[in-house]
There are 2 protein chains.
Amino acid sequence: MLREANIIETLKAQWPQFIGDDAAVLPFCDTQCYVVTKDLLVENIHFRRAYTNAESLAHKAIHVNLSDLAAMGATPCYLLLGIAIPQDAKEMIPSFLKHVKDIAALNNVAVIGGDTTASTQGFFISVTAVGVADPQCIKYRTKACPGDVLCVAGELGYAHLGLQALELGKENFDQFKQALLKPIAKVAQGQWLGQQAAVTAMMDISDGLAVDLKKLCEASLVGADIELDLFSEDAEFISACKQLNLDSQKIQLSGGEDYGLLFSIRKEDYLHLATEFETQFGYPLKKIGHISQIPGVRFFQQHQALCLTLTPFSHFGENL
Amino acid sequence: MLREANIIETLKAQWPQFIGDDAAVLPFCDTQCYVVTKDLLVENIHFRRAYTNAESLAHKAIHVNLSDLAAMGATPCYLLLGIAIPQDAKEMIPSFLKHVKDIAALNNVAVIGGDTTASTQGFFISVTAVGVADPQCIKYRTKACPGDVLCVAGELGYAHLGLQALELGKENFDQFKQALLKPIAKVAQGQWLGQQAAVTAMMDISDGLAVDLKKLCEASLVGADIELDLFSEDAEFISACKQLNLDSQKIQLSGGEDYGLLFSIRKEDYLHLATEFETQFGYPLKKIGHISQIPGVRFFQQHQALCLTLTPFSHFGENL
């Protein structure tokens with residue numbers, strides 16, 4: 001089966017210095033680099049117009065790209081916007097553009113170019129985002145070390161739960177639907193974590209914790225032990241999962257599109273950094289386990305290894 | 001009717017310093033700027049798989065973006081590749097990626113990132129290209145002055161003729177089909193013209209000479225007089241147009257996707273620069289008229305003003 005991973009490997013073999021992180025790093029000056037990323041939103045793969053209005057589409061197209069910049073510790077500066085518009089989506093374009101302008105301005109980002117075209121089949125959005133970062137503060141996926149504490153900033157599984165509620169046409173579940181439709185990139189958190197020398201590796205969680213952690217481990221040539229006892233009891237999330245007959249633990253581990261940050265912290269700095277993070281942002285970061293020397297991602301509950309069968313998140317069946 | 005021009009105006013009102021040229025300019029260091037562009041290729045709008053193989057698709061996706069960099073006088077450096085792949089195009093992807101790698105390498109361009117996803121409807125390609133240029137050598141659309149000589153580097157109408165031949169399923173017409181399927185960005189010419197102080201304004205011709213010249217004139221707050229007597233007699237092109245019942249003059253003026261360069265030269269420097277260009281590149285640049293104070297694009301033949309009704313080129317009916 002042709003997967004994105006194969007495509008990335010093909011290109012990485014040719015350009016190993018660039019490919020593998022959330023965004024590419026280009027030289028700028030001694031104290032700054034440009035950080036560049038590009039994410040697509042494809043109708044009926046990443047969104048459905050039936051329950052996605054112009055505002056949330058503009059919001060998501062921008063924030064999924066800002067999230068890649070956040071994951072590198074960069075400050076967003078510029079966007080390029082490419083849209084291919086089918087006839088029956090023409091009406092929403094003025095509103096979509098207004099929201100692109102507003103959301104870009106709100107995030108201090110200038111739209112510097114792009115391309116607009118018709119589409120005979122489906123609405124396609126391609127955003128390229130450019131940020132700047134101090135080269136000393138850029139975080140990569142490659143520097144996690146055995147013993148590092150693994151942490152997440154942001155909720156796990158909320159977006160997937162929201163997706164299920166929307167696909168099933170369920171009323172309520174609003175905070176979970178919002179998590180899917182209008183994810184908020186952790187830009188300030190990413191910049192702050194970028195400045196912490198104790199943070200060894202970072203990426204955003206777009207494809208689900210288990211899948212993305214595997215990528216981080218492979219890039220750092222390490223493994224990870226996830227301690228499920230550390231996952232907080234989120235009564236509202238668990239109750240909502242029950243209503244939709246969903247396994248809340250599996251959804252936290254494999255649900256995609258939450259756009260939180262996954263990062264590793266040197267063990268000796270964890271407590272101090274966790275306290276500082278909560279002071280800074282008003283909510284705790286989540287400790288979920290630690291980096292191990294043994295390759296692969298393993299799950300533990302009450303010190304027992306668990307054999308979990310997780311289905312990777314795939315939007316509406318995105319696998320190629 | 002919603003057109004790309006309206007969308008560009010909407011965004012330009014907000015970010016006037018960035019939008020309006022073939023590519024956006026970002027600071028780098030004292031002697032260099034980054035130049036960034038983004039062009040989409042959408043199935044059945046910009047290409048049909050029936051007569052576009054993996055190689056020409058990769059070639060065109062890259063060269064239409066390199067052409068935007070060439071039009072600014074920049075040297076291409078990096079690409080980001082976004083592809084949304086429908087099930088029935090999966091088979092061509094390994095070959096497409098091989099050609100992306102080869103064509104990028106041939107043009108000294110590194111693929112530094114991108115995004116890959118499935119598509120339920122149609123093949124969609126979004127390329128972002130990044131080049132570098134000396135800020136002193138970047139050419140904009142805004143600096144054409146009355147009296148400047150208007151020139152084109154490259155053929156006019158070839159790609160449109162090729163498109164018609166392909167759409168009609170005609171045999172032969174190979175050089176014209178190639179012009180459409182595998183346009184070659186005028187990268188070396190763009191860089192060279194960028195270094196010439198006598199070149200006052202430049203852009204690439206993607207939407208057809210008349211449409212693109214109008215944009216250049218509007219950006220420079222000038223007009224243009226096109227002298228049709230200056231257009232060379234291209235016997236093979238004229239004969240091919242006759243075979244397809246096409247008006248060769250109108251196709252030269254309005255056919256799109258040739259990806260030549262359109263530029264203005266200070267009158268006193270024209271002869272010298274034209275000679276140098278031919279020495280450098282082995283073919284002459286085409287003088288087509290001059291910049292005028294009077295707004296709009298006017299056409300003259302044997303000193304008589306002509307009233308031409310031109311239908312703007314629109315791929316397969318791209319108008320939104």
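The values are calculated or read from the model by the stated rules, or taken from the named source; none is laboratory data. A quick note: this is a predicted structure, and the numbers were derived from the prediction, not measured. Cβ coordinates were reconstructed from backbone atoms using ideal geometry, including for glycine residues, and neighbour counts include every protein chain displayed.
Every listed requirement among (1) crowded, with 24+ Cβ neighbours inside 10 Å; (2) under 19 Å from B:ILE103 (Cβ atoms) is met by B:GLU55 save one, (1). In the range B:108-129, what residues are assigned to a strand (DSSP E or B) and more than 7 Å from every other protein chain (Cβ to nearest Cβ)? Within the range B:108-129, B:ILE125, B:VAL127, B:ALA129 meet the criteria.
Any residue at all in the range B:2-9 that's facing another protein chain (nearest Cβ under 8 Å), touching a residue at least 60 places away in the same chain (Cβ under 8 Å), buried (at least 22 other Cβ atoms within 10 Å of the Cβ) and closer than 28 Å to A:GLY131 by Cβ? No; the residues of the range B:2-9 include none that is facing another protein chain (nearest Cβ under 8 Å), touching a residue at least 60 places away in the same chain (Cβ under 8 Å), buried (at least 22 other Cβ atoms within 10 Å of the Cβ) and closer than 28 Å to A:GLY131 by Cβ.
So is B:THR120 among the hydroxyl-bearing types (Ser, Thr, Tyr) and modelled with pLDDT of 95 or more or not?
No.
Residues in the range A:257-284 that are among the hydroxyl-bearing types (Ser, Thr, Tyr) and under 21 Å from A:CYS137 (Cβ atoms): A:TYR259, A:SER264, A:TYR270, A:THR275, A:THR279. Quick check on my filter: what residues within the range B:151-189 are of a type in the set (Lys, Arg) and within 15 Å of B:SER206 (Cα to Cα)? Passing the criteria: B:LYS182, B:LYS186. Evaluate the following for A:LEU180: is it within 17 Å of A:GLU43 (Cβ to Cβ) and more than 14 Å from chain B (Cβ to nearest Cβ)? For A:LEU180, the condition - within 17 Å of A:GLU43 (Cβ to Cβ) and more than 14 Å from chain B (Cβ to nearest Cβ) - is met. Evaluate the following for B:LEU273: is it of a type outside the set (Gly, Ala, Ser), part of a strand (DSSP E or B), modelled with pLDDT of 95 or more and surrounded by 12 or more Cβ atoms within 10 Å (Cβ to Cβ)? Against the criterion (of a type outside the set (Gly, Ala, Ser), part of a strand (DSSP E or B), modelled with pLDDT of 95 or more and surrounded by 12 or more Cβ atoms within 10 Å (Cβ to Cβ)), B:LEU273 does not qualify. Taking the residues in the range A:276-311 that are aliphatic (A, V, I, L, M) and outside any strand (DSSP E or B) as candidates, determine which candidate is surrounded by the most Cβ atoms within 10 Å (Cβ to Cβ). Out of the qualifying residues, it is A:LEU285. Out of contact with any helix residue (DSSP H, G or I) (no Cβ under 7 Å at 6 or more places or on another chain), within 12 Å of chain A (Cβ to nearest Cβ) and modelled with pLDDT of 95 or more: is that true of B:SER67 in this structure? For B:SER67, the condition - out of contact with any helix residue (DSSP H, G or I) (no Cβ under 7 Å at 6 or more places or on another chain), within 12 Å of chain A (Cβ to nearest Cβ) and modelled with pLDDT of 95 or more - is not met.
Among the residues making up the range B:230-258, a single one is touching a strand residue (DSSP E or B) at 6+ places or on another chain (Cβ under 6 Å) and surrounded by fewer than 21 Cβ atoms within 10 Å (Cβ to Cβ): B:LEU230.
Looking across the range A:92-109, the residues that are over 18 Å from A:PRO183 (Cα atoms) and in contact with a Leu (Cβ under 9 Å, 6 or more places away or on another chain) come down to A:MET92, A:ILE93, A:PRO94, A:LEU97.
Number of residues in the range B:130-150 that are farther than 24 Å from A:VAL35 by Cα and either more than 20 Å from the chain's Cα centre (by Cα) or within 7 Å of chain A (Cβ to nearest Cβ) (or both) equals 5.
The single condition among (1) of a type outside the set (A, V, I, L, M, F, W, C); (2) at pLDDT below 90; (3) within 21 Å of A:ALA105 (Cα to Cα) that A:LYS60 does not meet is (2).
Quick check on A:GLY82: is it under 15 Å from A:ALA133 (Cα atoms) and either within 10 Å of chain B (Cβ to nearest Cβ) or not aromatic (Phe, Trp, Tyr) (or both)? So A:GLY82 fails the test. Among the residues of the range B:12-25, those identified as modelled with pLDDT of 80 or more and either more than 7 Å from chain A (Cβ to nearest Cβ) or in a helix (DSSP H, G or I) (or both) are B:ASP21, B:ASP22, B:VAL25.
Taking the listed residues B:LYS38, B:LYS60, the one that is surrounded by 19 or more Cβ atoms within 10 Å (Cβ to Cβ), within 12 Å of another protein chain (Cβ to nearest Cβ) and in contact with a helix residue (DSSP H, G or I) (Cβ under 8 Å, 6 or more places away or on another chain) is B:LYS38, with no other qualifying. Selection within the range A:261-270: residues that are not in a helix (DSSP H, G or I) and not hydroxyl-bearing (Ser, Thr, Tyr). The member of this set that is surrounded by the fewest Cβ atoms within 10 Å (Cβ to Cβ) is A:ARG266. Say whether the condition of being under 14 Å from B:LEU262 (Cα atoms), in contact with a helix residue (DSSP H, G or I) (Cβ under 8 Å, 6 or more places away or on another chain) and crowded, with 19+ Cβ neighbours inside 10 Å is met by at least one residue in the range B:123-139. Among the residues of the range B:123-139, at least one is under 14 Å from B:LEU262 (Cα atoms), in contact with a helix residue (DSSP H, G or I) (Cβ under 8 Å, 6 or more places away or on another chain) and crowded, with 19+ Cβ neighbours inside 10 Å, which makes the answer yes. For the range A:18-35, the set of residues classified as touching an Asp or Glu at 6+ places or on another chain (Cβ under 7 Å) and either surrounded by 24 or more Cβ atoms within 10 Å (Cβ to Cβ) or farther than 17 Å from A:CYS137 by Cβ (or both) consists of A:ASP22, A:ALA23, listed by residue number.
Could you tell me whether the range A:84-96 includes any residue that is in a strand (DSSP E or B), surrounded by 21 or more Cβ atoms within 10 Å (Cβ to Cβ) and in contact (Cβ under 8 Å) with a residue 24 or more places away in the chain?
Yes, because at least one residue in the range A:84-96 is in a strand (DSSP E or B), surrounded by 21 or more Cβ atoms within 10 Å (Cβ to Cβ) and in contact (Cβ under 8 Å) with a residue 24 or more places away in the chain.
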